[in-house]
Structures are given as structure tokens and as C-alpha cells.
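Just below is one structure, and these are the notes that go with it.
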Amino acid sequence: MGFVTIRDVAARAGVSVSTVSRALNGTGPVSHQTYDQVQRSIKELDYVPDSRARSIRAVDSNVVGLIVHDIRNPFYANLVYFVQNEFLASGYSTFIGSFSRDKQNLNAYLQSMLQQRFDGALVVPSMERSEVIERMIDKDFPLVFIGKYPWRQDVAMARVNVRSAMETAVKTLYERGHRQIGYISGEILRSHPLQEREQLFRKIAGPIVGDDNLFVESTGFNQTACAPVIKRMLRVGVTAVLCGDADDAVTILEQSREMHVRVGVDLSLVSFDDSKVFRAFSPRISVIRQDEQELGSMAVKMLLKRMKGTSVNSAFVDAKFIDRESISVINR
């Protein structure tokens with residue numbers, strides 16, 4: 001079912017469009033009985049009033065939404081940059097929202113899109129189920145997820161396949177003599193991708209170095225927790241760490257001097273995402289790179305097709321492992 005218009009409400013209530021408008025806006029006399037009929041019809045049809053005060057959606061808005069977790073994250077900042085440029089080239093303005101993994105913020109942005117009759121949206125979904133997303137899907141609102149929304153499988157997703165890149169990273173560590181490998185997961189309770197990365201690391205690294213030689217840190221990791229975690233890993237023989245979240249790798253780099261730990265010598269380091277920090281640090285940090293431009297371009301093309309009424313399937317881009325000087329060679 002598409003957008004319900006004020007005409008649909010009027011037809012269901014058995015009154016004129018102008019009567020519905022008066023009932024909604026309080027701009028004229030309406031009997032209690034008629035008002036109740038209108039409100040009942042609105043509820044039955046799940047009508048969302050158009051905040052632009054258009055009675056009929058006669059033309060497209062030429063506005064699309066892009067909702068991400070945290071625009072301060074370099075990955076999402078780059079993604080936003082590429083996506084809005086792609087949309088602009090296709091004649092669309094982009095409404096950008098950053099919901100900081102807060103479900104209420106996410107729902108507020110999505111509700112605004114419905115009210116303003118956006119033409120479609122790209123959404124990096126929350127782990128929590130969203131009733132507004134469910135409504136958008138049921139209304140056949142053009143929607144494409146960037147990442148996985150575990151609650152619904154009937155919406156196309158644009159995702160990054162990290163399996164091959166992670167496997168190459170782990171094998172590179174092993175080939176260079178690293179037999180005990182640590183993994184720092186990030187905030188997995190708030191992020192489905194981070195959960196998937198940890199599970200994938202265990203699945204890939206276990207058969208290569210043995211489950212007993214994996215040291216996975218899934219709890220909170222910040223500047224306070226960094227030193228104790230890294231020192232504990234070094235104490236038990238860990239020589240290399242892979243970070244599922246770039247923020248955690250940056251924390252290690254910030255704290256490494258205070259810990260008297262030489263990255264690339266005492267501890268090899270691999271991180272997800274390729275930020276300027278990792279390219280500027282000495283030694284340069286090896287990364288599993290997710291191409292924001294490729295992902296964004298793919299997602300935009302998917303949504304444009306969806307907005308034309310064409311069904312689209314989920315699609316993937318492959319992450320790439322970039323080998324740099326932060327991985328040392330251990331002679332055994």
C-alpha cells in the first residue's frame with residue numbers, strides 16, 4: 001500500500017476533502033460526529049498528514065533521506081559525502097540524520113520523512129526493532145538498508161562483505177609468525193555489524209591458530225580500559241590485535257606510548273576502516289578497508305530503481321585488506 005491521501009480519508013469517512021481538512025487543522029466548524037468519523041478513518045487507514053499541507057501528492061518531492069548511526073565516525077562521514085553527491089547528480093536533495101544509535105532519534109527522523117512525503121530513504125538501521133520502519137515497509141515506502149536489519153528480510157540491503165578481507169588479514173598475521181591473536185570487538189551490544197565481525201573472526205581465526213590462542217575482548221573498551229586490556233593480552237603472549245571498530249584502534253595508538261608499547265614492534269595492529277590517522281601514523285596501520293564510495297554508489301542506484309517502482313535485490317561490495325608496516329615478522 002502506498003501513501004494514503006486526504007482524499008482516501010474523505011472517501012472512507014463519507015465526507016468532503018475540505019471537511020477532513022477542517023477537522024485536521026481546526027480551521028472551520030465540524031460536528032462532533034463528523035470529527036469522530038474522520039479520526040476513525042485516519043486510524044483505520046494509518047494516514048500520516050503531509051506537513052507541507054498538500055492535499056494530494058501530485059508530484060515527487062525530489063528529496064530523499066539518509067540516516068546513519070554517527071556522522072562523527074569517519075566511515076559514515078565519507079559515506080554521507082559520496083551519497084549526497086550521487087543523489088545531487090540525479091536531481092535529488094538529501095536530508096541527513098545522525099541518530100547516535102538512539103531508537104527514539106531514528107524514529108523521529110523516519111516519521112519526519114513520512115510526514116514530508118520524501119521520495120525514498122537509505123537507512124543504516126538500529127539493532128532494535130523500529131515500529132516506524134515497519135510502517136514504512138507496509139506502506140511500500142521506497143527504502144534500502146545500508147547494513148543488516150535483522151527484523152525484516154523483505155527489504156533490499158546494501159552491505160559490505162568482509163569475509164575474504166578478514167581471512168586474508170588473519171592468514172597474513174599467521175604467515176608472519178603470529179600464533180596468538182587478540183580481537184577487540186567494539187560496542188557489540190549496540191551494533192549488529194560489530195557482532196557479525198566478532199563471530200566471523202572466531203570462525204576464521206580458530207581453525208588457523210586454534211581457539212585456545214584467540215583472545216577476544218567484547219566488553220567496553222575506552223581510554224581507561226585500553227591499557228589493562230592490552231597489557232593483559234601481552235602478558236599471555238598475544239603479538240597481534242585486530243580491531244573490529246576503528247575507534248578502538250585509534251585508542252590503542254593514543255595510549256601506546258604511555259604503555260611503552262611499540263606498535264609494529266611489540267604489538268602488530270590491524271583495524272577496520274582506513275582513516276587518515278592510520279595512513280599518517282608511523283608505522284602506517286594495516287586495515288580492512290570498506291569502500292564508502294563504492295557502497296554509497298551501489299546503495300543510491302538501488303534506491304533510485306526502487307523509487308521508480310522496480311524491485312531490487314540485496315547486493316554486496318567486497319572489503320579489501322591493505323597490508324602496511326604495522327604487522328611485524330616474528331622469527332620462530
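Read-outs throughout are calculated quantities, based only on the coordinates presented, and are distinct from any laboratory measurement. The structure presented is a predicted model; accordingly, all values stated were derived computationally and were not measured. For neighbour counting, all protein chains shown are included, and Cβ atoms are generated from backbone atoms with ideal geometry for every residue, glycine included.
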So what is the relative contact order for the chain, in percent, with contacts set as C-alpha pairs under 8 Å and at least six apart?
-> 17
Once amide hydrogens are built 1.01 Å from N within the peptide plane, the residues lying 5 or more places from G97 or on another chain with amide H under 5 Å from its amide H are L66, I67, V68
The range 172-328: relative contact order as a whole-number percent, Cα under 8 Å and 6+ apart | 22
So what's the projected area for the range 117-172, the Cα convex hull averaged over all directions, in nm²?
-> 4.7
Among the DSSP beta bridges whose two residues both lie in the chain, what percent are antiparallel, rounded to the nearest 5?
-> 10
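If you rank T310, T251, T172 by fewest surrounding Cβ atoms within 10 Å, what's the result?
Going from least to most buried by this count: T310, T172, T251.
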Per the 1/(1 + (r/R0)^6) rule, R0 = 22 Å and r from the Cβ atoms of R257 and R235, FRET efficiency to 0.05 is 0.70
For the chain, what is the largest minus smallest coordinate of the Cα atoms on each principal axis, given in angstrom and ordered from greatest to least?
-> 86, 36, 33
Given charges of +1 on the Cβ of Lys and Arg and -1 on the Cβ of Asp and Glu, with all other atoms neutral, how large is the dipole of the chain about its Cα centre, in debye to the nearest 20?
-> 220
How large is the charge dipole for the range 225-314, taken about the Cα centre, if only the Cβ atoms of Lys, Arg (+1) and Asp, Glu (-1) carry charge, to the nearest 20 debye?
-> 200
Relative contact order of the range 56-204: what whole-number percent is it, with Cα pairs under 8 angstrom and at least 6 residues apart?
-> 20
Highest-first arrangement of 90-97, 182-189, where packing means the average Cβ count within 10 Å | 182-189, 90-97
For the pair R101 and I137, how long in nm is the line joining their label points, each one 7 Å along Cα→Cβ?
-> 2.2
When S61, S286 are ordered from fewest to most other Cβ atoms inside 10 Å of their Cβ, what list results?
-> S61, S286
Helix-derived mean residue ellipticity, 222 nm - over the chain, DSSP H n ≥ 4, -39500 (n - 2.57), to 500 = -13500 deg cm²/dmol
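Place the peptides 323-331, 205-213 in order of packing, highest mean first, counting for every residue the other Cβ atoms within 10 Å and averaging per peptide.
323-331, 205-213
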Filter the cross-link list K148/K203; K103/K203; K43/K301; K103/K139 down to pairs whose alpha-carbon distance in this structure exceeds 23 Å.
-> K103/K203; K43/K301
Can you work out the FRET efficiency for the pair D36 and L189, with r the C-beta to C-beta distance and R0 = 45 Å, to the nearest 0.05?
-> 0.50
Ranked from fewest to most other Cβ atoms within 10 Å of their own Cβ, R7, R117 fall in the order R7, R117
Where a Cα-Cα gap under 13 Å defines reach, which aspartates and glutamates qualify for K231, not counting those fewer than 8 residues away within the same chain?
-> E217, E258, D266
For the K171, D46 Cβ pair and Förster radius 45 Å, calculated FRET efficiency rounded to 0.05 is 0.30
At least 24 Å along the helix axis (C-alpha) and Kyte average at least -1.0, DSSP helices within the chain = 192-209
Can you give the translational diffusion coefficient of the range 162-290 in µm²/s, computed by Stokes-Einstein from the Kirkwood radius over Cα pairs at 20 °C and 1.002 mPa s?
-> 149
